[in-house]
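A.B. asks: Below are the structure tokens for one structure; questions will follow.
The values are calculated or read from the model by the stated rules, or taken from the named source; none is laboratory data. Owing to the predicted nature of the structure, the values given are computational and were not obtained by experimental measurement. Positions of Cβ are backbone-derived with ideal geometry, glycine not excepted, and every protein chain shown enters the neighbour counts. Please note that ligands, DNA and RNA were not included when accessible areas were found on the heavy atoms of the full protein model with its side chains. Shrake-Rupley method; radii C 1.70, N 1.55, O 1.52, S 1.80 Å.
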Amino acid sequence: RSLFAQQYLNQWGNANWESFATQDYFDKKGIFVSLMLSGPLLFLSFFMLIAFLREATTLLVQVKKFELKEKHRKTTASKNGNGKGKKKSGKKNSAKQD
């Protein structure tokens, strides 16, 4: 539908350009109308892409920092002896019933 509207707008502009412009910008392929309608959308889409990539890299750096801090905390705890002998087996000790 938008392609049809662009063609119609281009044909109307080509027929009536003298009433609002000093030069005929409206060619048969509709390049001028396409640039005027889709150019700003492409421009905004590009900057949205840049913003999303920037946000993604920021979040990735935060996650990796957190992972490294956790890894460092765990290795420090095991070196200090806090982690030795405290493994949970997941099995409960139960008394034998006779």
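A.B. asks: Which condition number in (1) charged (D, E, K, R); (2) at pLDDT 85 or above; (3) exposed (fewer than 11 other Cβ atoms within 10 Å of the Cβ) is the one that Asp24 fails?
C.D. replies: Evaluating Asp24 over (1) charged (D, E, K, R); (2) at pLDDT 85 or above; (3) exposed (fewer than 11 other Cβ atoms within 10 Å of the Cβ) leaves (3) as the failure.
A.B. asks: Of all residues in segment 32-61, count the ones that are within 23 Å of Phe4 (Cβ to Cβ) and open to solvent by 90 Å² or more (accessible area, probe 1.4 Å).
C.D. replies: Counting residues in segment 32-61 that are within 23 Å of Phe4 (Cβ to Cβ) and open to solvent by 90 Å² or more (accessible area, probe 1.4 Å) gives 4.
A.B. asks: Six or more apart or on different chains, Cβ under 6 Å: which pairs go from a residue in segment 22-49 that's of a type in the set (D, E, K, R) to one that's surrounded by 10 or more Cβ atoms within 10 Å (Cβ to Cβ)? Could you list them?
C.D. replies: Matching pairs, first to second residue: Asp24/Trp17.
A.B. asks: Also, I was wondering about something else. Keeping to segment 1-32, report how many residues are hydrophobic (A, V, I, L, M, F, W, C), out of contact with any helix residue (DSSP H, G or I) (no Cβ under 6 Å at 6 or more places or on another chain) and outside any helix (DSSP H, G or I).
C.D. replies: 2
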